[in-house]
1. Which of rounded, prolate or oblate describes the stretch 25-108 when judged by the alpha-carbon gyration tensor and an a/c cut-off of 1.5?
2. For Cys149, Cys58, give me the order by solvent-accessible area with a 1.4 Å probe, most accessible first, ignoring ligands, DNA and RNA.
3. May I ask you to list, by number, the DSSP H helices of the chain whose Cα span along the axis is at least 24 Å and whose average Kyte-Doolittle hydropathy reaches -1.0 or more?
4. How much solvent-accessible surface does Ile89 expose, in Å² to the nearest 10, with a 1.4 Å probe and all protein chains in place?
5. For the chain, give the percent of accessible area contributed by carbon and sulfur heavy atoms, probe 1.4 Å, rounded to a whole number.
6. Summing +1 for each Lys or Arg and -1 for each Asp or Glu, what net charge is found among the other residues whose Cβ lies under 9 Å from the Cβ of Phe25?
7. Around Met146, with a cut-off of 9 angstrom between Cβ atoms, what is the net charge of the other residues, counting Lys and Arg +1 and Asp and Glu -1?
8. Tell me, what is the 1.4 Å probe accessible area of Glu180, in Å² to the nearest 10?
Amino acid sequence: MSSSRITQAWSRIDTWLAEQAPVTFASLPQPATHEQIASAEQQIGVTFPSDIYTSLRCHNGSGDVEILPVHMLLSAELIATNFWVAVEISRDPCTDTYVNTQSPEWIPITGDAGGSHYVLGQLGGPQPRLGFRNELGYLDFTQGVMGSCMSDLLEKAADALAAMAVLDDFRPVVVNGELEWEIE
């Protein structure tokens, strides 16, 4: 089951960070409460897929920590906020993107400083698919280096950390107890 894969991936990430990057580990947010998750779900108008729910119950996002190269996992509150920012941008007549607010088709799960997100789409399907939405609103669900689902994404991060291996052209390094990603 995907939820157990997410819990295991987070456990591996936490163990590695605690041993190798303790400053980063100490800065990770605590788990989201059921109330925080329910509030975000209500704001968007969907029930989160179990993958998102499980990840948020491990950590309410990653705060300022880039668990993935240049991407932070969003907290429950930031998932809702980033979704509604995308909606506002899509309402601008100069854009040709559309965000369905009646029956949302995707939810942002990560964010970067430039406004791009990894998203989970096909929310009503058996396994929400991992996609990428760039800062201009272009949405792509072609399976990329990060895999096809949220558990793949977290497992890729855990694997890269454990092996100090390149992930999406970046290698993890530890500087003064903090995780950083250097471009290869």
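The values are calculated or read from the model by the stated rules, or taken from the named source; none is laboratory data. This structure is a prediction, so every number in the text was calculated from the model and none was measured. In this analysis, Cβ positions are derived from the backbone assuming ideal geometry, glycine residues included, and neighbour counts consider all displayed protein chains. For the accessible areas, the whole protein counts, side chains as well, though only heavy atoms, and no ligand, DNA or RNA atoms are used. Shrake-Rupley method; radii C 1.70, N 1.55, O 1.52, S 1.80 Å.
1. Judged from the Cα gyration tensor, the stretch 25-108 comes out oblate (a/c at least 1.5, b/c at or above a/b).
2. Cys58, Cys149
3. Those that pass (Cα extent of 24 Å or more, hydropathy at least -1.0) are 2-20.
4. That residue has around 80 Å² of solvent-accessible surface.
5. Taking all protein chains in place, the chain shows 51 percent carbon and sulfur surface.
6. Value of the local net charge: -2.
7. Value of the local net charge: -1.
8. About 80 Å², rounded to the nearest 10.
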